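Down below is the structure, laid out as structure tokens.
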Amino acid sequence: DIVHGDQAFRTTWGGYRSQGKTPESKPSKWNEINEVPFFDVQLPYELALKIFQYLGKTELGRCAQVSRMWKALAEDEVLWYRLCQQEGYLVGTSISAHTCWKLALKNCRARERTLKTNWKNRIGAVSQLRYELGKILCDVHSCDGVVIAGYTSGEVRLWDTRTWDYTAPILEAMHDPGDAGPRPHVSFVRINSSLAVAAYEDGNIWNLMFGREPIHHYQHNQRIQALALGSEGAVVATASGFEVKVESPDDRGFWQTTATFDIRKLVNFLNLVPDVVGSPVAVAAAEDIVYLLKAEDPGKTLHSVYGQPVTCLDVSAHEAAFGVKNFGWLLNEPNQILLYNLETSQCLKKMGNSIGDFTCVNLQNSPPNMLVTGNKDRRVRVFDLRKSESLCSLYAHQLGVSAVQMDDWKIVSGGEEGLVCVWDQRMGTRLWEMHARHPVRHIWFNSHSLITANIPDEKSLPGTSITDDDLTVHHKYRGIIYAYEFSADQLAVESVLPICRSSYDEVSGYNYNIGLAVPYDNI
């Protein structure tokens, strides 16, 4: 049995004291490979290292005070490399990447504390990702800081927010030179680490992997109701009419339809299951039926209850969570979130007890065994999947919640009124908020950045067609994308919001061009 911490220190120290010497008075030269003093025995170095690998940071620090040999053992690079990987820092890095992994872990933890402080106090830089020639914003998606946006002009734009001086390119779409008139609106855009996809109102879809020109293009006979892109790899699923298609490239890079599924109703929500080995698996919600679409079992129904339409959907590698609406003769039963196991097709949990409809759910990006939802009753709810009741309920948005995401300590929610709120989950308090004119339709964040998109529901500018091309007219109706950066290496001048950097002597253009004395006071 191994005695940890202070007890190990007292035992070893007492052994040396009984022999009339201190740990520092041991021989200066030790064979570290074969002779490690371990209480009353000598252990090989590798065996002692295997014992020390079960200790945490605190125990290793205490053992390092026992003797010089134990200090060398407790500060072994293998032990601190393992601790760094276990805590989620520098994952995928080889052990030779740093000369001192104990210092690397210390720096990572200090950076995490700084980022958490910056998040809580809204310290960082914020930028607006605008493209005026695109007219009205239609859809936005992001992946690891790369943002894709589609507009009513038919153009698609990319931004890499990880590089602030990056010029956003316009992605070229495939159009017949003989086509006359304006291009159709962009209906959906999706992006992952290797692929960008855009869908148009007329059923055209193109994929981009490298460069600015599409690598694949195909057309549906009807309007596209839903578009899904896998979290990794090149797999695209589309729903048009009563049909769902799954497309992916073969070994030679040629795109082909890998599966086609016939659905009895129009699809409202469509997701691809992540981390699937073999043929892709999709989950589709069509009114009050949820389908599990596999190539070997194309017509499998995951959930079907007449009179309970599905209002939101999200999937993880093994589970699917969706909201159901009860009405009519089911008024005595409240709206709920159902959790299904995708392998057994069994309902695991029924969560929630709300009068309002669940409008958004985030399962894939939530911490393990956690789920966050938004509702029309203005509340954001966090559920523990091991229980049925909610852990916390936050009164968030006056017109209902439209987008939500959480991590282990904070929640970011967006509402139909255009408000973005950041919450401390454990305290249940609102840290700060930002407001824009249109509903929040997209939220994505990681440890140091946040992407939000306010997308208008109305896709036509008010006024005559003569002023539609004037970039200064109807600016407030176009929608906007915000990119926040909370990294500690931001310059002090860039660490405040643009409205707080304005001054009294600017030319009057908007009624909010004023110099604020607080909270950023430079007077």
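The values are calculated or read from the model by the stated rules, or taken from the named source; none is laboratory data. These figures come from a predicted structure and were not determined experimentally. Please note: Cβ atoms are built from the backbone with ideal geometry, for glycine as well, and neighbour counts cover all protein chains shown. Accessible surface areas use protein heavy atoms only, side chains included; no ligands, DNA or RNA. Shrake-Rupley method; radii C 1.70, N 1.55, O 1.52, S 1.80 Å.
Annotation: amide H-H contacts under 5 Å for C360 (H modelled 1.01 Å from N, sequence separation of 5 or more, or interchain): G374. A Förster radius of 41 Å combined with the Cβ-Cβ distance from D384 to T258 puts the calculated FRET efficiency at roughly 0.65.
For K349, the solvent-accessible surface computed with a 1.4 Å probe is close to 50 Å², ligands and nucleic acids excluded. Subtracting the Cα-Cα distance of E287 and E243 from their residue separation scaled by 0.36 nm leaves 14.4 nm.
Amide H contacts under 5 Å for M370: L385, restricted to partners 5 or more places along the chain or on a different chain, H placed in the peptide plane at 1.01 Å from N. Which shape class, rounded, prolate or oblate, goes with the stretch 314-399 when its Cα gyration tensor gives a ≥ b ≥ c as root eigenvalues, a/c under 1.5 marks rounded, and past that a/b bigger than b/c marks prolate? Cα axes put the stretch 314-399 in the oblate bin.
Applied to the stretch 105-110, the Karplus parametrisation 6.51 cos²θ - 1.76 cosθ + 1.60 on θ = phi - 60° returns per-residue 3J(HN,Hα) values of 5, 4, 5, 5, 5, 5 Hz, with x for Gly and Pro.
If you average the C-alpha positions of the stretch 259-312 and of the stretch 56-79 separately, how far apart do those two centres end up, in angstrom? Distance between centres, Cα-based: 54 Å.
Can you list the residues of the stretch 347-377 with backbone N under 19 Å from a point 7 Å past the Cα of S393, pointing along Cα to Cβ? In the stretch 347-377, the label zone of S393 (backbone N under 19 Å from the point 7 Å along Cα→Cβ) covers 350-362, 371-377.
The lysines whose alpha-carbon is closer than 17 Å to the alpha-carbon of K349, local same-chain residues fewer than 8 away aside, are K325, K387.
Length gained on full extension, V276 to C347: 23.5 nm, using 0.36 nm per residue less the C-alpha separation. Accessible area per residue (1.4 Å probe, heavy atoms of protein chains only) ranks Y395, Y484 as Y395, Y484, with the largest value leading.
Couplings for the stretch 251-267, taken from phi via the Karplus curve 6.51 cos²θ - 1.76 cosθ + 1.60 with θ = phi - 60°, read 5, 8, x, 8, 6, 8, 7, 8, 7, 10, 10, 9, 10, 6, 9, 6, 7 Hz in order; Gly and Pro are left as x. What the Cβ-Cβ distance of T117 and I51 gives, at R0 = 30 Å and to the nearest 0.05, is a FRET efficiency of 0.20. Bridging of K71 to lysines at a Cα separation below 21 Å is possible for K21, K26, K29, K50, K57, K102, K106, once same-chain residues fewer than 8 apart are set aside. In the assembled protein chains, F52 presents an accessible area of approximately 0 Å² (probe radius 1.4 Å).
Scaled to the compact-protein estimate 2.2 N^0.38 Å, what is the alpha-carbon radius of gyration of the stretch 58-103, rounded to two decimal places? For the stretch 58-103, the normalised Cα radius of gyration comes out at 1.19. Over the C-alpha atoms of the stretch 175-274, the Rg to Rh ratio, Rh being the Kirkwood estimate, stands at 0.95. For the stretch 276-416, the relative contact order is 14 percent, taking Cα pairs closer than 8 Å that sit 6 or more residues apart in sequence and dividing their mean separation by the residue count.
Between the alpha-carbon centres of the stretch 383-446 and the stretch 197-238 there is a gap of 30 Å. Annotation: amide H-H contacts under 5 Å for H442 (H modelled 1.01 Å from N, sequence separation of 5 or more, or interchain): A453. Computed from the Cβ-Cβ distance with R0 of 35 Å, the FRET efficiency linking S94 to D251 stands at 0.70. The 1.4 Å probe gives accessible areas that order E319, E87, E247, largest first, as E87, E319, E247. Sorting H141, H318, H442 by solvent-accessible area of protein heavy atoms yields H318, H141, H442, largest first, with a 1.4 Å probe.
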